[in-house]
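Trainee: The structure under discussion is supplied below as structure tokens; questions concerning it will follow.
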Amino acid sequence: MDWSLLACGTSGHVTYAPAEAGVREQLCAPTGSGEAWRCLRCGAFVPGEPQASGPAAQAPAPRRGQEVRSAVILRVFAVERFVRGLAAAALAFVVWRLVYSHLSVEQAFERERPVLHSLLEQLGINIDNSKLVGLITRALTLSPGTLRWLAIGLAVYAVIELIEGTGLWLAKRWGEYFAMVATSLGLPYEIYELASKVTVTKLILFAVNLLLVLYLVITRRLFGVRGGKHAYEARLRSESLMEAAINAAAADQEAAAEPAPPAPAPGRAARTSPDPPAPAPGAARDPAAKNDTGPARTPP
């Protein structure tokens, strides 16, 4: 799949006219209907006026190829972080409300508990063995101070998840570091939970977090892995069409500035062969010359 072409199909082409004449020639091509400018993302020539112009150093640097695919993967992780953050924020709001309406909520829950018990019993669910009901009952027995700290902790967790999601969605370097560190800090606790009891939900959450950490470290080259930031930026420059156009223009300029080779001096004949020319057939031989049988004989 051509990810660059896919991105141009959804977001449009990115064309730019450099102010430098040599670089401009590398990105512009004449057509029957006018000029066509090369897209800096997919590399196709797009007829019409460029979207922007200016110095080549100020040209936009759109994601290309592997970077487009990586941005899509990071946004999938970002959506998962947004869902976690919103769920934690909603739970923090509910717990915070319990602090100020603890007695009324507990009384209402106990009043409606028989109705809820009979309703769920018809569906084949035993409310007495429900973990969710157990958690609610335990939360109602906590002191207001404990509930307040629990709400604050949930709010902090929600903020962390939302920051992770924002950094991953924008594919920022700081967001990748933040998400990697924050997620790694929670892995030991998830391993401890899996060691105590393995459930499908715990296993899925642990796999997602572990996959995110490995993906960020290996593919985004965090903490010096695979050359670190310098190798990552060097790869981006090698894939940039604007950088290629700048290098091609510099090479053409150097070739034009090289002096031409000196011409041969006039009047001096060029030697074509170091050997003397062979005698023509039938020409007289030198009497002093010797053949294979001895000295040449003169006729009588």
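Trainee: Would you confirm whether any residue within segment 5-16 is part of a strand (DSSP E or B) and not assigned by TED's automatic domain parsing to the domain that holds Trp169?
Mentor: Initial filter on segment 5-16 (part of a strand (DSSP E or B)): 16.
Now narrow it down to the ones that are not assigned by TED's automatic domain parsing to the domain that holds Trp169: 16.
Among the residues of segment 5-16, at least one is part of a strand (DSSP E or B) and not assigned by TED's automatic domain parsing to the domain that holds Trp169, which makes the answer yes.
Trainee: Every residue in segment 197-209 that is modelled with pLDDT of 90 or more and more than 15 Å from Glu80 (Cα to Cα), please.
Mentor: Leu203 - this is the single residue of segment 197-209 that is modelled with pLDDT of 90 or more and more than 15 Å from Glu80 (Cα to Cα).
Trainee: Checking the conditions here, which among Leu212, Leu236 is in a helix (DSSP H, G or I), at pLDDT 90 or above and closer than 29 Å to Cys42 by Cβ?
Mentor: The match here is Leu212.
Trainee: Going by the conditions given, is Phe223 surrounded by fewer than 15 Cβ atoms within 10 Å (Cβ to Cβ) and among the aromatic types (Phe, Trp, Tyr)?
Mentor: Details: surrounded by fewer than 15 Cβ atoms within 10 Å (Cβ to Cβ): yes; among the aromatic types (Phe, Trp, Tyr): yes.
Spelling it out, Phe223 is indeed surrounded by fewer than 15 Cβ atoms within 10 Å (Cβ to Cβ) and among the aromatic types (Phe, Trp, Tyr).
Trainee: Please go through segment 17-43 and give me each residue that is in a helix (DSSP H, G or I) and of a type outside the set (A, V, I, L, M, F, W, C), ordered by number.
Mentor: Answer for segment 17-43, where residues must be in a helix (DSSP H, G or I) and of a type outside the set (A, V, I, L, M, F, W, C): Gly22, Arg24, Glu25, Gln26.
Trainee: For segment 168-180, how many residues are small (Gly, Ala, Ser) and touching a residue at least 60 places away in the same chain (Cβ under 8 Å)?
Mentor: The initial filter retains those residues of segment 168-180 that are small (Gly, Ala, Ser), namely 171, 175, 179.
Still in the list and also touching a residue at least 60 places away in the same chain (Cβ under 8 Å): 171, 179.
Residues that pass the stated criteria total 2.
Trainee: When segment 44-87 is examined, which residues are found to be surrounded by 15 or more Cβ atoms within 10 Å (Cβ to Cβ) and assigned to a loop (DSSP other than H, G, I, E, B)?
Mentor: Correct list: Pro50, Gln51, Ala59, Ala61, Pro62, Arg63, Arg64, Gly65.
Trainee: List the pairs whose first member sits in segment 181-203 and is hydroxyl-bearing (Ser, Thr, Tyr), whose second member is surrounded by 12 or more Cβ atoms within 10 Å (Cβ to Cβ), and whose Cβ atoms are under 8 Å apart, counting only residues at least 6 apart or on separate chains?
Mentor: The qualifying pairs are Thr183/Glu164; Thr183/Asn209; Thr183/Leu212; Thr183/Val213; Ser184/Val213.
Trainee: Here is a check on your reading of the model: is Val208 more than 22 Å from Arg63 (Cβ to Cβ) and either of a type in the set (Val, Ile, Thr) or in contact with a strand residue (DSSP E or B) (Cβ under 7 Å, 6 or more places away or on another chain) (or both)? Don't jump to the end; show me each part of the working.
Mentor: Numbers: more than 22 Å from Arg63 (Cβ to Cβ): yes; either of a type in the set (Val, Ile, Thr) or in contact with a strand residue (DSSP E or B) (Cβ under 7 Å, 6 or more places away or on another chain) (or both): yes.
Yes, satisfied.
Trainee: Would a scan of segment 44-61 turn up a residue that is under 30 Å from Leu214 (Cβ atoms), free of Cβ contacts under 8 Å to residues at least 60 places away in the same chain and in contact with a Leu (Cβ under 9 Å, 6 or more places away or on another chain)?
Mentor: From segment 44-61, those under 30 Å from Leu214 (Cβ atoms) are 61; that's our starting set.
Add one more test, that the residue is free of Cβ contacts under 8 Å to residues at least 60 places away in the same chain, and what stays is none.
No, the conditions are met nowhere in segment 44-61.
The values are calculated or read from the model by the stated rules, or taken from the named source; none is laboratory data. Since the structure is predicted, the reported quantities are computational estimates derived from the model, not experimental observations. Neighbour counts are summed over all protein chains in view; Cβ atoms, including those assigned to glycine, are modelled from backbone coordinates with ideal geometry.
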